[in-house]
1. Which number in (1) outside any loop (DSSP other than H, G, I, E, B); (2) in contact (Cβ under 8 Å) with a residue 60 or more places away in the chain marks the one condition that Gly147 misses?
2. Output the number of the condition that Ser327 fails; it satisfies all remaining conditions of (1) under 17 Å from Pro133 (Cβ atoms); (2) buried (at least 17 other Cβ atoms within 10 Å of the Cβ).
3. Determine whether region 305-317 contains at least one residue that is assigned to a helix (DSSP H, G or I) and either among the hydroxyl-bearing types (Ser, Thr, Tyr) or over 19 Å from Ser24 (Cβ atoms) (or both).
4. For region 235-268, give me each residue that is part of a helix (DSSP H, G or I), over 30 Å from Trp296 (Cβ atoms), open to solvent by 10 Å² or more (accessible area, probe 1.4 Å) and in contact with a helix residue (DSSP H, G or I) (Cβ under 8 Å, 6 or more places away or on another chain).
5. Among the residues of region 269-304, what is the count of those that are hydroxyl-bearing (Ser, Thr, Tyr), surrounded by fewer than 24 Cβ atoms within 10 Å (Cβ to Cβ) and not in a helix (DSSP H, G or I)?
6. I'd like the residue in region 206-234 that is in a loop (DSSP other than H, G, I, E, B) and among the hydroxyl-bearing types (Ser, Thr, Tyr) and, out of all such residues, is surrounded by the fewest Cβ atoms within 10 Å (Cβ to Cβ).
7. Mind listing whichever residues of region 169-205 are touching a strand residue (DSSP E or B) at 6+ places or on another chain (Cβ under 6 Å) and assigned to a helix (DSSP H, G or I)?
8. Can you tell me how many residues in region 162-178 are in contact with a helix residue (DSSP H, G or I) (Cβ under 9 Å, 6 or more places away or on another chain) and polar (S, T, N, Q)?
Amino acid sequence: MNPEALRLWDGPVLGIETSCDETSLAVLEGLSVRANVVSSQAKLHEQWGGIVPEAASRAHVEAFLPAMEQALSESGMNLSGITAISVTNRPGLVGALNVGLTAAKGLAYALEVPFVAIHHLEGHLLSPLLDDPDLRFPHVCLLVSGGHTEIVRLEGLGAYRLLAQTRDDAAGEAFDKTARLLGLGYPGGAAIQELAQGANPERYPLPVALEKEETLDLSFSGLKTAVLRLVESEGASLDKPDAAASIQHAIARALVLRGMQATEREGVDCLTLAGGVAANERLRQSLAKECERRGWRFRTPSAEYCTDNAAMIALAGSWRLAAGQRSGWEAEPESTAPLPGPVES
């Protein structure tokens, strides 16, 4: 697909993202992100060391109106200028999704504008277009976050084929679990990246599961077990910065290996990286280096579009709206859902 095929909705689109623990609202006009507000719940869930769904839902309710008002203010608009709404309705925490979806329906009804329900992962898959609208298809995307780790071939907009996925923990989940074993904060990815700066990533050799197997799948559950054993065996003598660097190195190594293998097997020359874990600098740098060495293109969104955000949801919705897709009042939140297909004509 050529970049000319990226036909978008003619007018400002309000994006809404509440699938997990971030309340985000954005205003997108064409490819111009006029506002992208993210209200994070990380501090709230830090006390439990992970996301509590009921608490997340309540926090979304409390944060929604202030986030929307801020997004409208930053964009220099008011609600009367919004011409369509794009909202995440799958997959995710049902209660959290319901907050955004209910708000989207109410706004669409009051403003008399169309709305479209969007798959959260499609937002991530298309997020590199926010920084590079000339991104060409087909390409392979390494989609890594707290809840998902998948390798997807993108033939074009709406044309996605799942190539592989994790067999157990997602990469972001592996960061969270191993960070907890080191006594670090939540979310684990950010805590490990900060502690690992300047440390020795080869101090503690950690396993890369399935490394020698003929598969593109990934596995991270064994890493947690290895880190647990490391913490128990080293005790007080454990060098935590080196341990953090070693964990980060093991996760990045597994992802780089599979990203290279998938891109080569698919016969394409472009790899994209998306999802919350895509904000990890070591992973970004390692993939960029390996792609450059092979003469491939590497694209990843800027950090603000890696973690859950409404700008990517607005983008996915904008092209689906332009292609004629609309959602009805019967749209419901869904905890799980396969990748979406093309817009039916």
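1. (1)
2. Of everything listed in (1) under 17 Å from Pro133 (Cβ atoms); (2) buried (at least 17 other Cβ atoms within 10 Å of the Cβ), Ser327 misses just condition (1).
3. Among the residues of region 305-317, at least one is assigned to a helix (DSSP H, G or I) and either among the hydroxyl-bearing types (Ser, Thr, Tyr) or over 19 Å from Ser24 (Cβ atoms) (or both), which makes the answer yes.
4. Lys240, Pro241
5. 1
6. By that ranking, first place goes to Thr215.
7. If the condition is that a residue be touching a strand residue (DSSP E or B) at 6+ places or on another chain (Cβ under 6 Å) and assigned to a helix (DSSP H, G or I), then Ala171 is the only one that fits.
8. Qualifying residue count for the region: 2.
The values are calculated or read from the model by the stated rules, or taken from the named source; none is laboratory data. Since the model is a prediction, treat every value here as computed from it, not as a measurement. With ideal geometry, Cβ positions are generated from the backbone for all residues, glycine too; neighbour counts draw on all protein chains shown. These accessible areas exclude ligands, DNA and RNA; they are computed on the full protein's heavy atoms, side chains included. Shrake-Rupley method; radii C 1.70, N 1.55, O 1.52, S 1.80 Å.
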